[in-house]
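Peer 1: A single structure is presented below for examination.
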Amino acid sequence: MLESGAPLAKSLSGRIGLELRMIVQGGFRIPEKLERAGGDVFRHRPVLRSPDWCLMSWRALRM
């Protein structure tokens, strides 16, 4: 569902568009981190750290 809504974020300009693109990227990043942890959310809770925010910002600007 997130992927199907991503084009809306692309179509909006300005701050609201950027904020929506960041939300979409956050929604993509958390499952990436979960996959790397083997899906074990009890031992390896996914947390967005500074490098994740940089990556998400870069991806959001490229959308």
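Peer 1: With every protein chain kept in place and ligands, DNA and RNA left out, what is the accessible area per residue of the chain? Probe 1.4 Å, answer in Å².
Peer 2: 77
Peer 1: Carbon-plus-sulfur fraction of the accessible area of the chain, 1.4 Å probe, in percent?
Peer 2: Percent of accessible area from carbon and sulfur atoms in the chain: 60.
Peer 1: Now for a different question. What number, rounded to the nearest 500 deg cm²/dmol, is the helix-based mean residue ellipticity at 222 nm of the chain, given -39500 (n - 2.57) per DSSP H run of at least four residues and division by all its residues?
Peer 2: The per-residue figure over the chain is -24000 deg cm²/dmol.
Peer 1: Highest mean first, what order results for 35-41, 15-21 on Cβ atoms within 10 Å?
Peer 2: So the order, starting with the most tightly packed, is 15-21, 35-41.
Peer 1: Radius of gyration and Dmax for the chain's Cα atoms, expressed in Å?
Peer 2: 12.7, 39
Peer 1: At a Förster radius of 30 Å, what calculated FRET efficiency corresponds to the Cβ-Cβ distance of Glu19 and Asp40, to the nearest 0.05?
Peer 2: 0.45
The values are calculated or read from the model by the stated rules, or taken from the named source; none is laboratory data. Just so you know, these numbers come straight off a predicted model, no measurement behind them. Every residue, glycine among them, receives a Cβ derived from its backbone with ideal geometry; neighbour counts consider all protein chains shown. Remember, those area values only see protein heavy atoms, side chains included, never the ligands or the DNA or RNA. Shrake-Rupley method; radii C 1.70, N 1.55, O 1.52, S 1.80 Å.
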